[in-house]
Amino acid sequence: MPEKEDKRASVAVIGAGPAGLFAARELSKAGVQVALINRDIKPGGLAEYGIYPNKHKMKEGLRRQFRKVLEDENTNYFGNLSIGLDDDLTLDELQELGFDALIVCVGAQGTKWLGLPGEELDGVYHAKDIVYHYNDLPPFSEKSFSIGEKILCVGVGNVMLDIAHWAIRDLKIQEVVAIARRGPADVKFTKKEMEIVARNLDLAALDAEFDRTSAIMEAVGQDAEHAKQFILSSLERAKDPVSDTKFVLDFLVSPKRLIGDEDGRVRGVEAEDTVLEAREGGGTKAVGQGSTRVIEADTVVFCIGDKVDVSMGLPLDKWGEFAKAPEPRFPIDDISFEAYDPESESYLDGIFLAGWSREASSGLVGTARKDGNQGAKAALAYLETKAEGEASAIEKFEKRIGELAKPIVRKADWVKLEEVEGALAKERGLEHFKFSSNEDMLAAMG
Ligand SMILES: Cc1cc2nc3c(=O)[nH]c(=O)nc-3n(C[C@H](O)[C@H](O)[C@H](O)COP(=O)(O)OP(=O)(O)OC[C@H]3O[C@@H](n4cnc5c(N)ncnc54)[C@H](O)[C@@H]3O)c2cc1C
Ligand SMILES: NC(=O)c1ccc[n+]([C@@H]2O[C@H](COP(=O)([O-])OP(=O)(O)OC[C@H]3O[C@@H](n4cnc5c(N)ncnc54)[C@H](OP(=O)(O)O)[C@@H]3O)[C@@H](O)[C@H]2O)c1
């Protein structure tokens with residue numbers, strides 16, 4: 001990497017979720033000066049604002065790791081600063097300031113709507129917004145969500161179970177129904193997460209679902225009994241219920257249209273029946289049958305994963321992901337971390353992608369951490385090839401953000417905020433306390 005008389009290489013890591021934090025750690029270990037830039041005041045991304053709020057032990061363990069990363073003197077934290085075409089600074093501006101490389105680790109902040117009629121109705125939400133809301137991330141923490149007595153979740157992954165958890169154990173509403181376009185053998189949730197709400201499952205309805213769907217599963221070689229046992233096995237160590245909320249799993253239906261009432265409130269979903277078709281190379285896909293049925297609900301939450309935010313200004317591939325170089329110059333474990341423009345078929349020199357910005361909605365914190373490490377390794381390999389580095393960009397960057405009409409949050413500010421929140425938690429006898437507005441967080445930093 002370029003090491004000239006008076007300077008070390010400098011890299012801007014954009015996004016301080018697990019991927020960005022661990023990319024920063026890898027770079028600073030290698031002696032690189034890191035500007036770790038984060039939209040949110042606090043670091044942590046979805047580890048702070050996605051993981052269910054009552055998983056205190058897990059969240060505190062992660063915070064401990066994040067604190068360690070930020071303690072490194074080569075890592076400079078800049079919170080409350082957004083990068084993007086309409087944001088505080090653009091990626092181009094960061095490059096012009098002289099950073100030797102950029103690693104984009106901003107997660108998947110775009111909302112993946114399906115483009116169905118009725119998505120604009122009251123009571124229709126995307127899981128990400130609700131998850132940010134109950135985890136106290138501004139501005140979602142300050143928005144109100146109109147949740148009724150029957151939530152229909154689209155999708156059967158772990159995020160659906162987080163929404164079900166919230167609805168069943170915190171809100172204690174009447175009913176949650178989760179619909180899946182494929183069958184019970186293709187659920188994405190884990191047994192451990194199902195254990196939290198399994199005792200609310202409507203077992204008679206589940207039996208009926210297996211009676212209805214087993215032949216369709218078996219026609220593509222799936223083991224219906226095994227799929228049933230997987231779901232039922234979560235009952236063995238399930239948490240005691242705290243509400244009478246009925247939890248229903250409804251398979252082999254794909255939403256086609258959301259139905260509203262005269263006040264513009266969602267009242268249900270018209271969904272098409274599907275069957276399974278074996279995919280070439282393995283797996284199954286859902287194939288619509290033309291027949292539809294209406295599933296009533298006064299709230300609909302899409303739990304179908306997220307997509308990247310196009311306003312970052314990076315080119316997309318045909319699947320809507322940030323495009324990666326098909327023939328990476330610096331692959332790590334055969335993975336491409338290099339941003340790419342498919343139209344001009346050119347590398348975006350010096351720009352790397354990691355975590356959910358590289359592969360949206362994919363995997364756990366540990367996966368994002370590994371991806372951040374590897375993305376940093378790819379960037380380090382790139383730095384080795386740069387004969388000449390620019391003069392250190394950090395000072396120029398500091399000067400530039402000093403001109404912005406907003407407070408930028410530094411490491412010491414965040415430490416102060418954590419102290420104040422910790423003291424308030426103690427005073428109020430809580431396991432954890434979080435301010436839910438940027439104003440309160442900034443005021444606490446003094
Ligand atoms: C609801 C939910 C619950 C989950 N629960 C678990 C769990 O229990 N256990 C587990 O292991 N995994 C869990 N995960 C998965 C885990 O949270 C992710 O794998 C991981 O957080 C992804 O890391 P990331 O750094 O790529 O992105 P993120 O965590 O999304 O971090 C992105 C960071 O980028 C910043 N950013 C965004 N836009 C900009 C911008 N324009 N400019 C500057 N900064 C920006 C954000 O402020 C954020 O800090 C959960 C995910 C979800 C959605
Ligand atoms: N506690 C935890 O450990 C925890 C909590 C939350 C999230 N996470 C992790 O975070 C990641 C993201 O989770 P996730 O639940 O958002 O995603 P996911 O696991 O990919 O599940 C998404 C669900 O949405 C469905 N879906 C996607 N597109 C659809 C469409 N167009 N129409 C109908 N249904 C559609 C999928 O069905 P198909 O399978 O048919 O595509 C699937 O059932 C996962 O790795 C997850 O494990 C972990």
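Could you tell me whether residue 325 is aliphatic (A, V, I, L, M) and loosely packed, with under 15 Cβ neighbours inside 10 Å?
no
Quick one: in region 48-86, which of the residues that are of a type in the set (Asp, Glu) and part of a helix (DSSP H, G or I) is least open to solvent (accessible area, probe 1.4 Å)? Steps first, answer last, please.
Narrowing region 48-86 to residues of a type in the set (Asp, Glu): 48, 60, 71-73, 86.
Remaining after also requiring part of a helix (DSSP H, G or I): 48, 60, 71.
Values: 48: 11, 60: 56, 71: 134 Å².
In this case the residue turns out to be 48.
Considering region 353-398 alone, what residues qualify as being modelled with pLDDT under 95 and in contact with a Leu (Cβ under 7 Å, 6 or more places away or on another chain)?
393, 396
The conditions are (1) within 10 Å of ligand 1 (Cβ to nearest atom); (2) in contact (Cβ under 8 Å) with a residue 60 or more places away in the chain, and residue 154 fails exactly one of them. Which is it?
(1)
Picking from 91, 121, 152, which residue would you name as being in contact with a Leu (Cβ under 7 Å, 6 or more places away or on another chain) and within 30 Å of residue 296 (Cβ to Cβ)? Walk me through how you get there before you give the answer.
Values: 91 fails: within 30 Å of residue 296 (Cβ to Cβ); 152 fails: in contact with a Leu (Cβ under 7 Å, 6 or more places away or on another chain).
After applying the criteria, what remains is 121.
Does residue 421 fit the bill of being open to solvent by 60 Å² or more (accessible area, probe 1.4 Å) and out of contact with any Asp or Glu (no Cβ under 6 Å at 6 or more places or on another chain)?
Details: open to solvent by 60 Å² or more (accessible area, probe 1.4 Å): no; out of contact with any Asp or Glu (no Cβ under 6 Å at 6 or more places or on another chain): yes.
For residue 421, the condition - open to solvent by 60 Å² or more (accessible area, probe 1.4 Å) and out of contact with any Asp or Glu (no Cβ under 6 Å at 6 or more places or on another chain) - is not met.
Any idea which residue in region 386-414 is least open to solvent (accessible area, probe 1.4 Å), counting only those that are of a type outside the set (Asp, Glu) and either free of Cβ contacts under 8 Å to residues at least 40 places away in the same chain or over 22 Å from residue 97 (Cβ atoms) (or both)? Steps first, please.
Here is the first cut: in region 386-414, the residues of a type outside the set (Asp, Glu) are 386-387, 389, 391-394, 396-397, 399-402, 404-412, 414.
From the residues that got through so far, the ones that are either free of Cβ contacts under 8 Å to residues at least 40 places away in the same chain or over 22 Å from residue 97 (Cβ atoms) (or both) too are 399, 402, 405, 412, 414.
On the way: 399: 143, 402: 62, 405: 113, 412: 74, 414: 10 Å².
Among them, the one singled out is 414.
Looking only at residues that are touching a Gly at 6+ places or on another chain (Cβ under 9 Å) and among the hydrophobic types (A, V, I, L, M, F, W, C) in region 395-413, which one is farthest from residue 38 (Cα to Cα)?
Among those residues, the one meeting the criterion is 397.
Against the conditions (1) out of contact with any strand residue (DSSP E or B) (no Cβ under 8 Å at 6 or more places or on another chain); (2) within 14 Å of ligand 1 (Cβ to nearest atom), where does residue 358 fall short? Just the number, please.
(1)
Each row is one residue, and each column tells you yes or no for (1) farther than 28 Å from residue 184 by Cβ; (2) of a type in the set (Gly, Ala, Ser); (3) within 16 Å of ligand 2 (Cβ to nearest atom); (4) open to solvent by 20 Å² or more (accessible area, probe 1.4 Å).
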site	(1), (2), (3), (4)
88	yes, no, no, yes
101	yes, yes, no, no
109	yes, no, yes, yes
114	no, no, yes, yes
150	no, no, no, yes
155	no, yes, yes, no
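Considering region 3-42 alone, what residues qualify as being modelled with pLDDT of 95 or more, outside any helix (DSSP H, G or I) and either near ligand 1 (Cβ under 6 Å from one of its atoms) or among the charged types (D, E, K, R) (or both)?
Once the filter is applied, which keeps residues that are modelled with pLDDT of 95 or more, outside any helix (DSSP H, G or I) and either near ligand 1 (Cβ under 6 Å from one of its atoms) or among the charged types (D, E, K, R) (or both), region 3-42 yields 14, 15, 16, 17, 37, 38, 39, 40, 42.
Taking only region 227-273 into account, find how many residues are assigned to a loop (DSSP other than H, G, I, E, B) and of a type in the set (Phe, Trp, Tyr). Steps first, answer last, please.
Step one: of region 227-273, the residues assigned to a loop (DSSP other than H, G, I, E, B) are 234-245, 251-252, 261-264.
Narrowing further to those that are of a type in the set (Phe, Trp, Tyr): 251.
Of the residues in that region, 1 qualify.
Scan region 295-307 for residues that are aliphatic (A, V, I, L, M) and in contact with a Lys or Arg (Cβ under 9 Å, 6 or more places away or on another chain) and report the count. Walk me through it before giving the result.
If we filter region 295-307 for residues that are aliphatic (A, V, I, L, M), which is where we start, we get 295, 297, 300-301, 304.
This time we only want the ones that are in contact with a Lys or Arg (Cβ under 9 Å, 6 or more places away or on another chain), so: 297, 304.
Matching residues across region 295-307 total 2.
Only one of 61, 79, 115, 107 is without any contact (Cβ under 8 Å) to a residue 40 or more places away in the chain and either under 29 Å from residue 433 (Cβ atoms) or aliphatic (A, V, I, L, M) (or both); which?
Numbers: 79 fails: without any contact (Cβ under 8 Å) to a residue 40 or more places away in the chain; 115 fails: either under 29 Å from residue 433 (Cβ atoms) or aliphatic (A, V, I, L, M) (or both); 107 fails: without any contact (Cβ under 8 Å) to a residue 40 or more places away in the chain.
So the residue among 61, 79, 115, 107 that is without any contact (Cβ under 8 Å) to a residue 40 or more places away in the chain and either under 29 Å from residue 433 (Cβ atoms) or aliphatic (A, V, I, L, M) (or both) is 61.
Among the residues of region 259-289 satisfying the criterion of being open to solvent by 60 Å² or more (accessible area, probe 1.4 Å) and touching a residue at least 12 places away in the same chain (Cβ under 8 Å), which is nearest to ligand 1 (Cβ to nearest atom)? Steps first, please.
Kept after step one, since they are open to solvent by 60 Å² or more (accessible area, probe 1.4 Å), are these residues of region 259-289: 262-263, 267, 277-281, 285, 289.
Filter again for touching a residue at least 12 places away in the same chain (Cβ under 8 Å), leaving 263, 267, 277-278, 285, 289.
Working: 263: 30, 267: 26, 277: 29, 278: 30, 285: 24, 289: 31 Å.
The selected residue is 285.
Checking residue 319 against (1) touching a residue at least 40 places away in the same chain (Cβ under 8 Å); (2) surrounded by fewer than 16 Cβ atoms within 10 Å (Cβ to Cβ); (3) under 28 Å from the mean Cα position of the chain (by Cα): exactly one of these is not met. Which one?
Going through the list (1) touching a residue at least 40 places away in the same chain (Cβ under 8 Å); (2) surrounded by fewer than 16 Cβ atoms within 10 Å (Cβ to Cβ); (3) under 28 Å from the mean Cα position of the chain (by Cα), residue 319 breaks only (1).
Under the condition of being among the aliphatic types (A, V, I, L, M) and part of a helix (DSSP H, G or I), which residue from region 167-188 is surrounded by the most Cβ atoms within 10 Å (Cβ to Cβ)?
Taking region 167-188 first, the residues among the aliphatic types (A, V, I, L, M) are 167-168, 171, 173, 176-180, 185, 187.
Cutting the leftovers down to part of a helix (DSSP H, G or I) gives us 167-168, 171, 185.
Details: 167: 27, 168: 25, 171: 16, 185: 21.
Step by step, filter region 167-188, then rank; the result is 167.
The values are calculated or read from the model by the stated rules, or taken from the named source; none is laboratory data. What you see is a predicted model; the values in this text were computed from it and never measured. So basically every Cβ, Gly included, is an ideal-geometry build from the backbone, and we count neighbours across all protein chains shown. Surface areas here come from the heavy atoms of the whole protein model, side chains and all, with no ligands, DNA or RNA. Shrake-Rupley method; radii C 1.70, N 1.55, O 1.52, S 1.80 Å.
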